[in-house]
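**Q** Okay, here's the structure, questions in a sec.
Readers should treat all values here as calculations from the given coordinates under stated rules, not as data from a laboratory. Bear in mind that the values here come from a model prediction, so they are computed numbers and not experimental data. Glycine also receives a Cβ, built like all others from the backbone with ideal geometry; neighbour counts cover every protein chain displayed.
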Amino acid sequence: MNFDTLNEYLTAAHVTVMLCRAHADQFDLDQESSSDIEFKISQHISELEDLRHQVLTRNVSNRRAAPSGGGQILPMRLNQAEPGRTPNLPSTM
């Protein structure tokens, strides 16, 4: 897998999260549903942290094996909307 493929996957996930955040105040959830959603969000966060660790560990190992290649790996920052503002989402058209 190359950078472009992984980046496309992460972009799709980011758009999904931003759509959920943009409409978070419109969800009508009872206590049980809120607990289920909280659990799912925690699972997603854990999966992303594991992915970050795998990517960074793999890239560090690759750089040790081939010191002439690769650039610096920087953490991805998600565009965060200011409170009360809808985030700018990429066009799907």
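**Q** Once you put a point 7 Å from the Cα of residue 41 and another 7 Å from the Cα of residue 24, both along the Cβ direction, what distance in nm separates them?
**A** With each label point 7 Å from Cα toward Cβ, the separation is 0.5 nm.
**Q** What distance in nm separates the two pseudo spin-label positions at residue 2 and residue 33, each 7 Å out from Cα along the beta-carbon direction?
**A** 4.4 nm
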